[in-house]
Structure formats: structure tokens, C-alpha cells
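One structure below.
The values are calculated or read from the model by the stated rules, or taken from the named source; none is laboratory data. Remember, it's a predicted structure, so these values are computed and weren't measured experimentally. Backbone-built Cβ (ideal geometry, glycine too); neighbour counts: all protein chains shown. Ligands, DNA and RNA are stripped out before the accessible areas are found, and what is left, the full protein with its side chains, is counted by its heavy atoms. Shrake-Rupley method; radii C 1.70, N 1.55, O 1.52, S 1.80 Å.
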Amino acid sequence: MEHEASSFEISEMLANFVASTPLLEQTWKLCQRAKSTPDGLVTDCVGDAIHIAFSGGGSMPGLDTVCGNLVPLIDKMNRNREMFSAFERQEDEAVMVHSGFLHQFMCMYNNSTFQKQMLDILKERKSLVLTGHSFGGAIASLTALWLLSYLHSISASISVLCITFGSPMLGNKSLSRAILQERWAGNFIHVIGKHDIVPRLLFAPLDQVTTHLHCLLQFWNSSMKLEELSCSEQTLFGTQNSQLLKFVLVHNNAVAENLEKGDAELKSAFSPFGNYMFCSDEGAICMDNDIAVTKLLHVLFSTATVSSVHEDHMNYTGYVENISSQFLKRRSYSELGEVPDQSNYDAGLAMALQSSGISISHEPVYAVAKDCLKMAKRMGRTPNLNSANLAIGLSKINPLRAQIEWYKASCDASDEQMGYYDSFKRRGASKCGFKVNMNRIKLARFWKAVIEMLENNQLPHNFHKSAKWVNASQFYKLLVEPLDIAEYYGKGMHRTKGHYIKHGRERRYEIFDRWWEDRKVPHEEKNIKRSKFASLTQDTCFWAKVEEAREWLDDLRLAENDPMQSALLWQNVEKFEKYANGMVERKEVSIDVLAKNSSYSLWVEELKAVKLQLLRFPPQYPGFLVEETVQ
């Protein structure tokens, strides 16, 4: 079993480092100044850096709607495409953010004064620190994402750091994954009070507690303006805040339980991103795994009271002032409440629990928190080590791939002249075909595991950009997807599910398509023309398109008395014919495509026969039916 540094030691060290710098104190003071400018921002020059604090105001349009009130960061009209170009292309679902926060950011962004101010800052400074408290933290995060995308597009070396205090969740799992893949997670530090309700709010369907939420927002507005509430208002606040606390706690608990089960329905829910610094009177710890962060948000919140929910959100001054001094104290094992079993892991675990403000006397919360941190340890296994193990796994499955290559070569050389695709499709009960099919299944299992590990953040964030894995996945796709298509049509699945491309294609192939398209290609290699046919057909969906084209010809015979339907079918046939001819002319197909008895060659002959037959009738079909097409 490999030995690793304790993730709890790392969490304490990172929190210790952040607390030892003046950043927390400087940014929090600026956030307090921003409270007096609810519709704007404040700036402050600190050395060579400029600090910018955003105010979210006392209300947020759309905050009190359902948890699912997420909208694409880049909508179908691509209106935000240039602003957030780094998030345009993702592995699965689109990057989604809360509609209210995006609306407020866009209102600010569309102000020419704001854009000029930000661009002037970029010209003068090499370091920016963005910050915000409460809803202002969400606006600061969106601004940071916009700046990081912009700076990436112009290859500028300007440092951007975003520090938020009590910020609500911003977007979905896809946003978190995109930030990790761009290696921007280190640009975000979210400081969270132990019982602050705002970071947990959007895990609950807030449309069911609109009145309670407005009461809480009103109370916070009054507190910021130093206004005193009447006794009746205070009573109302206490009652409704208590109900809101219980409501949010219940839904946070449900989210935590679903995460434990791996519930797939959470794909559309809000998800943490970046580093979370959990603060208590005993110290602080930092965590960056989204699942562990979500569970710890729930565990710590379960000890909250009505008063602590308010106090923790409104005043981070105490945390900021106390954290540094807490880390300077030397802790003995006896102070930790339990003696570790001669293990740095146990010591790190005990210290992390104490820093989070949970002691052994807090049963059963202590046990739950301990399990949560242990889970974080398991999920914190070194991504580079995982990648190295996958490389070993890849070498072990290479013989399976080599056997399929041998099978393809034997099919291409066969006297039956059916080629690779059709030989596998019509393989029957042959032992060779059975072995190839088993290899196909084993390879699919390996690559499916790779995708799952990448999406669970168990691999390096730039794994999918490594030439080794991009090339390996592309070769696998070129070699094996034609077999998947042959299996799909050979078993007649298209009759019940629909054609392969829309209804049968595995998601991993779409992911590998994007990996290949996003690779960096030297300029001199982009326009190289082929001098011989490809070893493998470059469009792995070619055979699926052939199968659709065969169906169109069959449908034409049934639509002889329907001119409109016939014209539409001929349009599809013409489009495919042009595509296939181009593939052949550019030599982007394997030689098996042109085998005498391949599905494509038979389709070409069938098309010629259909055209000859149609030339005997009046010209009611498209103009491509001319004499030269059948010569």
C-alpha cells in the first residue's frame, strides 16, 4: 500500500499559510467598505496589487426561486461566448450559473464605465485581488471567471485571486469541473463561517420559504444600516429564521446523503468550486474537493442556532482577527481530545476536527465529521499516481487492441472481400469474432473507467490535454467504434432505439471527439494531403451514415407516389453521396471501405441502379440525376 502525506496536514498547512498573510484582513476591511455602496464596487491599491470589492446589495433578483434556477453561462445565442470562452466546450452538460447572479453581473458588465475601469486596471497592474461578502462574493467570482477567460485568450500573465466571505453557491458541477480543468481552482478562496447560512442556501428549494428569506434579508439590511428593529420585528425574525434554519438544514442533509449514494440526479444541482476555508473559534481548515466540501457544509451547519446563523454571516471580523493567533498556538495531543495511534494521519485528522470547531464532546456530529474527513482523505489520493496506474493499465490492454488490429488485417485480406465492418457485423458464431467482441467490451470498460475518474477529479486536471491520452483515445475510437456500430445494426437495435448517431453512440466517443479537436496541431501539419488510404477510417461514424443512407434508398422505393417525400429523401442521399465521395477522394477512409462486398460498395452499386431506373420516368426528382452520374 502506497504512503502519502495526510490530506489533513495539507489542509491545516494551507489554511495556516493563508491566515499568515495580510490578505484576509485587507480584503475583509474592503468588503466592509463596499457595504456602503450597494450598487457598485470599491478599489484599493496595496503594494503592486489592486484590491476590488463588490457589493451584492441587500437583495438578489431570483435568489428566492427554486434550486434549479440555473441558466447556461453561454446561452444558445452565444451572447456571452467571448466573455467566457474557456467555458464554451465541456464534456457533458453545459456550464450553468444562478440566473440572478449572472443577471446582476451582466448589468454591471454592460456599463461602459465598469469595462473601462477594469481594462485600465489590467494595463497598470500585474496582480488583482477580487473580493466580496455575501452576494457580492458571487459577483466577485463571476468577475474573476470573466477576467481569467479574457487573460487566457490574450495570453496575458496577470495574476487574479478571488477571496469571498460567506458567498452563496454559484453554479453546477460542470462549472466546478471546468474550473478544475482550466487549473483555476487555486484562484478562488471561499471563507466560510461555521454556521453561515448563505453558502448553504441554494441547496434548498427557496421558493417554498420566500417570506422567511425576505425577512432574513430585511434583518441583514437593517444591521448593515445600524438600524434597530422593534420588539415585534425581532420576534418575527427569530421565528421565521428558526423555520428557515430547519428547512435549509433538512435539504442540506438530503444533498449530503445523495452524495454519499452517488445520486445521478445531482448533476443539475449547485456544486462548490475552488478552495473552501472553514472558520471556527478554534482555527480553520482548507478543502478543495467538492463532495467533501458539500458534506462538511452540512455537518458544521447541523450545530447551528438561530443567533449563530445571523452572527456568522454578518461578521467575519472575529474570524479574521483570531485565525492567525490560533495557528500560532502549539497543540498537544491531549488537547485534541484523543491520542493518535502513532500515526501522522490520526494527528492530522484530530487537528482538522479541532480546527473545524468540532470536539469529541459533540457526538454524534463528531463521528459524522470524522467520517467526512476520512472520505476526503480517500478522495484525495494523488491524481498523478492515479494517472501513472492508468498508464500501466493501458499497457496491459494493448494486446487486446493488437488482436483487433490483426483481425482487421485478416478481414481486409479475406477472399470474401467484405472488409472489417461487414465481417464483424456478419460474424455469426465464429470463435475469432467472439474473441474480438470480448476485447471490444474489455476496452470499453477501461475507457469508461478513465472518463469516470476524470469527472470525479481523481486525475490531473489537464489529463485530457496530454498528447499520450489524446492519441490513445483517438486510436481506440478509430479502431473500435466501427465494431460498436456493426454490433448495433447487426442486432437490429436501430429498429427499436433509432439510428446509432443520435440514439446509440456512447458518450465516451463524443468526449474523445472533443479531446481530439482541442489538441494543439503544428501549423505545418494542418494542410498535409494524404498520398495513400488511411489505415483506419477517419470518421468513426462513417458506417452509421452508410446504414442510414441504405435505409433512405429503401424508403425511396416506398415513396414513389409521394413527390415531396421522395425529394426530401433524394436530398439526404445526395448529401451523403457528396460526403462519401469527398472522404474517398481525400483518402480519409480505410481500404476496407472500398472492398467489393462492403456495405458502402454495395450501396454505391444500388444507387447507380436506382438512378438508371428513375431516368426512365419524367424528371420530377433533383437535377443531380444526369447521364454522367451513372456512367
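Looking at segment 70-84, which of its residues are at pLDDT below 80 and either open to solvent by 40 Å² or more (accessible area, probe 1.4 Å) or farther than 23 Å from residue 184 by Cα (or both)? Within segment 70-84, 76, 77, 78, 79, 81, 82 qualify. Against the test of being among the basic types (Lys, Arg), assigned to a helix (DSSP H, G or I) and over 30 Å from residue 288 (Cα atoms), the options 442, 448, 532 yield a single qualifying residue, 442.
Every residue, every condition in (1) exposed (fewer than 14 other Cβ atoms within 10 Å of the Cβ); (2) of a type in the set (D, E, K, R); (3) without any contact (Cβ under 8 Å) to a residue 60 or more places away in the chain; (4) not in a helix (DSSP H, G or I), yes or no:
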| residue | (1), (2), (3), (4) |
| --- | --- |
| 101 | no, no, no, no |
| 119 | yes, no, yes, no |
| 122 | no, no, yes, no |
| 128 | no, no, no, yes |
| 132 | no, no, no, yes |
| 139 | no, no, no, no |
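Contact map, segment 448-466: residues that are open to solvent by less than 40 Å² (accessible area, probe 1.4 Å) paired with residues that are of a type in the set (Gly, Ala, Ser), Cβ distance under 7 Å, separation 6+ or inter-chain. Pairs shown: 459/387; 460/387; 463/387.
Residues of segment 579-590 include at least one that is crowded, with 17+ Cβ neighbours inside 10 Å, in contact (Cβ under 8 Å) with a residue 60 or more places away in the chain, under 24 Å from residue 474 (Cα atoms) and not charged (D, E, K, R). For segment 1-27, filtered to residues that are open to solvent by 60 Å² or more (accessible area, probe 1.4 Å) and among the aliphatic types (A, V, I, L, M), the residue that is modelled with the lowest pLDDT is 1. If you go through segment 150-166 and keep only what is at pLDDT 90 or above and either open to solvent by less than 10 Å² (accessible area, probe 1.4 Å) or part of a helix (DSSP H, G or I) (or both), you end up with 160, 162, 163, 164, 165, 166.
Being touching a residue at least 40 places away in the same chain (Cβ under 8 Å) and either over 30 Å from residue 256 (Cα atoms) or in a helix (DSSP H, G or I) (or both) is the requirement here; does residue 387 meet it? Yes. Taking first residues from segment 75-88 that are within 15 Å of residue 102 (Cα to Cα) and partners that are modelled with pLDDT under 75 and not aromatic (Phe, Trp, Tyr), the Cβ contacts under 8 Å between residues at least 6 apart in sequence or on separate chains come to 81/88.
Listed here are the residues, each with its yes/no results for (1) within 32 Å of the chain's Cα centre (by Cα); (2) surrounded by fewer than 18 Cβ atoms within 10 Å (Cβ to Cβ); (3) of a type outside the set (Gly, Ala, Ser); (4) modelled with pLDDT under 75.
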{"site": "29", "(1), (2), (3), (4)": "no, yes, yes, no"}
{"site": "37", "(1), (2), (3), (4)": "no, yes, yes, yes"}
{"site": "45", "(1), (2), (3), (4)": "no, yes, yes, no"}
{"site": "52", "(1), (2), (3), (4)": "yes, no, yes, no"}
{"site": "56", "(1), (2), (3), (4)": "yes, no, no, yes"}
{"site": "63", "(1), (2), (3), (4)": "yes, no, yes, yes"}
{"site": "66", "(1), (2), (3), (4)": "yes, yes, yes, yes"}
